[in-house]
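Worksheet: one structure, shown below.
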Amino acid sequence: MMVWTTNNRVKKKTAIAVTIATLAAILLLGFALLAPWGTSTANSATAAPGSFTGVASCAGSTCHGRMVPDGKVVRQDELARWQEPSTPGGAHSRAFNVLSNQRSQQIAATLGLGAATSAKECLGCHATPAGGNARGARFLTNDGVGCEACHGAAGGWIASHYAVDASHADNVANGLIPLEKPVARAFACLDCHFGSADQGQFVTHRLMAAGHPRISFELDLFSAMQAHHDEDADYIERKGATDSVRMWAVGQAMALERSLSLYASNRGTEGAFPEFYFFDCHSCHRRIYDQDARVKTWEANPGRPIPAGMPPYNDENMIMLIAAAKVAAPGMASRLEADSRAFHGALAKDRSSAVAAAGKLRQTAADLAAALSNVRTSGTMAFAIIDQIESKFVLARLTDYEGSVQAVMAVDTLLNALVKSGRITVGAAAGIRAHVNRAYAAVNDPNNYKPAQFRVALGHATRSMGALR
C-alpha cells in the first residue's frame, strides 16, 4: 500500500460554467490530434509494475480516447480534454512543445544546456518524469505531461483498473496515486508546480534569470482548470465529493511544507549565495530612482520582523495558511503564527538559525496539512476565511506581489466553492466577478504592482462576497 508522508514526493480564472457550444468546438479540434491513436488498447500483459506505459496505452476508443463523452463510470473522452488546444485544460499536453519555442531555446543556450527538448533540467517538468523507471514501448517523451505524471506509473494498475471487479482501493495499492486525497494531490502537483529534490524539478534563480517565468500555484484553482472528469454520483460513491475549501487549505499547507523542506536542503544555496528562488522577487527587482522624486517600493510587514534592505522569504502560502488555520484549525493557528515570525526573524541572523527555524515551521505546516485533511468545510467556513483575508491582520501582510497573487486566487477559489455549495447563486457570483477581476488586474503586471492599490481592490471583492452571506 502506498503511504503518503512528508518524505514523498498566474493567474488563471476559472469560468463558472462552460457552454455546450464551446465544449463541442474543443472536442472537434481534439479529434485531429487524437486520430493517430485510433482504437489502440492497453498492452497490459507486458506492463511491469512501476513501469510507465505511455499516453497511447490509455487512448483506446473503449477506454479514454472517445471524441465525445459516452461512459457510465468515466467520461471516456479524457484524452480529448487533456489535449484541448489553447486552453488551461490542455496545458499539460503542450508542456513539451513549449521547449521548442524561441524563449526556451534562449534559456537553454544561456545556461549551456544544449537543446531544451533533451535537457534533463527541462524534461523533469515538461514531460512525464519517468526517471529511472522502466518505460514501455508506447512511452513518448514528446507526449509532454501525460496521464502517468499525475496518476502514477501505470504498469502495476493499468490492467486491474478496468477489470469488472476493480476497486479504487486495489488500484491505489497497485500504484495509482489517490488524487482525491488533498495531500496526495499536492505531492503530485508540487513536484513541478513548486519543485522537488529530483533533477529537472526545481526552477532556480539562475533559470529565472535566463528567462524562465516565476512559478505560481494554487491547488484547487489549478485542479479545476485541469479537471478531466465529472464529479457525478458514481465518482462520489467511489472517491467522495471534493471539498474545494479543504483542497485549497491543504494546498497552502503542503506548498509551505515543500518550500521549507527544500530551503533547508542543499537547494537552499547556490554557490556563495542563497538560492534566491525562495525569496520575494520584488524586494530586489524593482524600479530604483536616485533622484529626490524616487518611488517608494518597500513596505514594512508586521508578519516579518526583518530589517529593511534584507530580502524577505516568499511567504505567500504562510499568509493564506494562517487565514485558513484561524477558521479551520484554530487550535494550531497561534503555533503557526509564532513559528512563521520566528523563521522570518532567524533569516536575519544566519543560515544555521534559519534552517533550524525552517524545520520547526515545516513540521507545523505538515501537521496542519494532516489536520486540515480531516476537516469537513462548509459555506459558513468559506465566508469566515474570506473575513480573515479581509481582516487588517492579513491585508497588512499583502505587501508583495507573490502574496497578492496568491490572495486573489484564494478569493477566486472561495467564490467558486460558495457557488458549488449553493451559498451564492451563479447570477450573484457573476456580479461579484467584476470586483474579483479588478483585483486580478491589480496584479496583472508585476512592474506596475502597487500594494496599497491592490489591497483596496481585494477589499472590494471580499466585502462584496461577504455581503451575500
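Let me confirm something: among Val426, Val419, which residue is surrounded by fewer than 16 Cβ atoms within 10 Å (Cβ to Cβ) and of a type in the set (Val, Ile, Thr)?
Val426
Does the range 226-239 contain at least one residue that is of a type in the set (Gly, Ala, Ser) and more than 22 Å from Asn266 (Cα to Cα)?
Taking every residue of the range 226-239 in turn, at least one turns out to be of a type in the set (Gly, Ala, Ser) and more than 22 Å from Asn266 (Cα to Cα).
Among the residues of the range 387-397, is there at least one that is crowded, with 21+ Cβ neighbours inside 10 Å and among the hydroxyl-bearing types (Ser, Thr, Tyr)?
Among the residues of the range 387-397, not one is crowded, with 21+ Cβ neighbours inside 10 Å and among the hydroxyl-bearing types (Ser, Thr, Tyr), which makes the answer no.
Given the residues Ser100, Ser51, which is the only one that is at pLDDT 90 or above and surrounded by 13 or more Cβ atoms within 10 Å (Cβ to Cβ)? Break it down stepwise before answering.
On the way: Ser100 fails: surrounded by 13 or more Cβ atoms within 10 Å (Cβ to Cβ).
It is Ser51.
Conditions (1) under 16 Å from Gln226 (Cβ atoms); (2) assigned to a loop (DSSP other than H, G, I, E, B), marked per residue:
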| site | (1), (2) |
| --- | --- |
| Glu121 | no, no |
| Ala130 | no, yes |
| Asn142 | no, no |
| Val145 | yes, yes |
| Gly155 | no, no |
| Ile177 | yes, yes |
| Glu180 | yes, yes |
| Ala184 | yes, no |
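Restricting attention to the range 410-427, does a residue exist that is under 19 Å from Glu299 (Cα atoms), in contact with a Ser or Thr (Cβ under 7 Å, 6 or more places away or on another chain) and part of a helix (DSSP H, G or I)? Spell out how you get there, then give the answer.
If we filter the range 410-427 for residues that are under 19 Å from Glu299 (Cα atoms), which is where we start, we get none.
Looking for residues that are under 19 Å from Glu299 (Cα atoms), in contact with a Ser or Thr (Cβ under 7 Å, 6 or more places away or on another chain) and part of a helix (DSSP H, G or I), one finds none in the range 410-427, hence no.
Could you please let me know if Arg206 is at pLDDT below 90 and surrounded by fewer than 20 Cβ atoms within 10 Å (Cβ to Cβ)?
Here the answer is no, as Arg206 does not meet what is asked.
Which of (1) within 24 Å of the chain's Cα centre (by Cα); (2) of a type outside the set (A, V, I, L, M); (3) not in a loop (DSSP other than H, G, I, E, B) does Thr110 not meet, given it meets every other one?
For Thr110, the failing item is (1).
Just checking: which of the helices (runs of 4 or more DSSP H) contained wholly in the range 263-377 hold 1 or more residues that are modelled with pLDDT of 95 or more and farther than 21 Å from Ile389 by Cβ?
Output list reads 330-347, 351-373.
Could you tell me which of the residues Val436, Val426, Val419, Val411 is in the same structural domain as Met381 (by TED's automatic domain parsing), of a type in the set (Val, Ile, Thr) and over 16 Å from Arg469 (Cα atoms)?
Answer to the selection: Val436.
Scan the range 309-324 and report the pairs whose first residue is in the same structural domain as Ser340 (by TED's automatic domain parsing) and polar (S, T, N, Q) and whose second residue is modelled with pLDDT under 95 and part of a helix (DSSP H, G or I), with Cβ atoms within less than 6 Å and a gap of 6+ or a chain change.
Listed pairs, sorted by first residue: Asn314/Glu402.
The values are calculated or read from the model by the stated rules, or taken from the named source; none is laboratory data. The shown structure was predicted, so the numbers you read here are calculated from the model rather than taken from an experiment. Backbone-built Cβ (ideal geometry, glycine too); neighbour counts: all protein chains shown.
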